[in-house]
Amino acid sequence: MILRLDRWGAKLPPPSDPDPEGAKAVQELMGGRFGEMSTLMNYTFQSFNFRGKQTARPFYDLVANIAAEEYGHIELVAATINTMLTGASPLTNGSPPGDRLAGVKDGGYPYHFIAGGQGALPRDSHGAPWTGDYVFSSGDVVEDLTHNFFLETGARNNKLKVYEMVDHPAARALTGYLLVRGGVHQIAYARALEKLTGADLTKLFPTPRIATDKIPECRPHIERGEHVKLYRFSPDDYREIVALFNGPHPETGEELVVVDGPPEGTLPNDLPPQPAVFAPDYAPEEIAEIAQRLRKAAGLPDQPTARVAHSGEAVREEGIVGKVADKLTP
Ligand code: MN
Ligand code: MN
């Protein structure tokens, strides 16, 4: 089973200028071969299929535990895509059919607007759906760990390229965070292989040669020590990761640490409605009214019981979205 926390692994900026073309490139980090859906599903299936868990407990715990962190990574990639798409269609509602979406058909990814409500899709940067063919789960622990090291290496390569291709602040915040966390997973799998086989994998670092300490969006995470920490994503399980994730960081020499619990994370942003694509409706205020009635009938307080970092309404009122939309509104 898996528990869920309504928090993000890292802070993302609220929507600013929309960037549908950039969002299309970021889709590679979601549903591409080396995207977060691939890391999530590779480690998830390897953990499901693991035989002899009790006798090989540290190795099982490592793969299962990292799978849980990857769930949070797909969540953050989706939030980034959604942030970048916010404001790309006009924010006005109630108008008769016209050409409100004419401006988004070129450059970006029309499927974001046609099949989705300006939201992330389980697809790559050219629209091909993520596929289970990307999952490698041989059952052989050495093979699977070697594959996972390679997968994290390729994932960091793609993240750096997306970082360099897309300068939207949400994409930069995302890739800065994921480059650091991917580095931790790369080390975790290398350490596991070293301990299992005796191979000296420290010589493979850094691969690819990414100087994360020189990337401004990586630095805050490095300063908080996120490059040496592996979190234990469970109330009481996966305790044996400490047997593998230890010793010096292969690049900095700092001691690797297992943190006993999930990261604190941050409150998620609440992105504003996009009525031109019926998200969440052509007239979002109706849904809000119904929700308020139901909330009252259930004895809940008038204000929602959960908090968000930036509310969609505030984003709308501050006028920081809809710049493209304003241009398109006749
Ligand atoms: Mn990841
Ligand atoms: Mn990873």
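The values are calculated or read from the model by the stated rules, or taken from the named source; none is laboratory data. Everything quoted here is computed from the prediction, not taken from an experiment. Neighbour counts are summed over all protein chains in view; Cβ atoms, including those assigned to glycine, are modelled from backbone coordinates with ideal geometry.
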Can you find, within the range 149-172, the residue that is farthest from T207 (Cα to Cα) among those that are more than 12 Å from ligand 2 (Cβ to nearest atom) and among the acidic types (D, E)?
D167
Flagged in the range 206-257 as of a type in the set (V, I, T) and within 16 Å of R172 (Cβ to Cβ), in numbering order, are I210, T212, I215, I222
In the range 259-304, residues that are assigned to a loop (DSSP other than H, G, I, E, B) and more than 30 Å from E70 (Cβ to Cβ) total 10
When restricted to K53, K11, the only residue part of a loop (DSSP other than H, G, I, E, B), in contact with a strand residue (DSSP E or B) (Cβ under 8 Å, 6 or more places away or on another chain) and surrounded by fewer than 24 Cβ atoms within 10 Å (Cβ to Cβ) is K11
Residue match in the range 180-198 (condition: surrounded by fewer than 23 Cβ atoms within 10 Å (Cβ to Cβ) and part of a loop (DSSP other than H, G, I, E, B)):
yes
Which of the following residues is more than 25 Å from Q46 (Cα to Cα) and among the hydroxyl-bearing types (S, T, Y): T207, T197, T266, T202?
T266
What single numbered condition from (1) touching a helix residue (DSSP H, G or I) at 6+ places or on another chain (Cβ under 6 Å); (2) surrounded by fewer than 14 Cβ atoms within 10 Å (Cβ to Cβ) fails to hold for G132?
(1)
Residue check, V77 over 24 Å from T146 (Cβ atoms) and under 20 Å from the mean Cα position of the chain (by Cα)
yes
Criterion: polar (S, T, N, Q), within 16 Å of ligand 1 (Cβ to nearest atom) and touching a residue at least 24 places away in the same chain (Cβ under 8 Å) - qualifying residue of T252, T197, T212
T212
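Table: residues versus (1) touching a residue at least 12 places away in the same chain (Cβ under 8 Å); (2) out of contact with any His (no Cβ under 6 Å at 6 or more places or on another chain); (3) away from ligand 2 (no atom under 12 Å from the Cβ).
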| site | (1), (2), (3) |
| --- | --- |
| P18 | yes, yes, yes |
| E36 | yes, no, no |
| N42 | yes, yes, no |
| A56 | yes, yes, yes |
| E70 | yes, yes, no |
For the range 243-257, how many residues meet the condition of being surrounded by 19 or more Cβ atoms within 10 Å (Cβ to Cβ) and of a type in the set (A, V, I, L, M)?
2
Does the range 268-290 include one or more residues that are at pLDDT 95 or above, of a type in the set (A, V, I, L, M, F, W, C) and buried (at least 17 other Cβ atoms within 10 Å of the Cβ)?
no
Looking at the range 150-163, can you tell me whether even one residue there is within 15 Å of ligand 1 (Cβ to nearest atom), outside any helix (DSSP H, G or I), under 30 Å from K229 (Cβ atoms) and touching a Pro at 6+ places or on another chain (Cβ under 6 Å)?
no
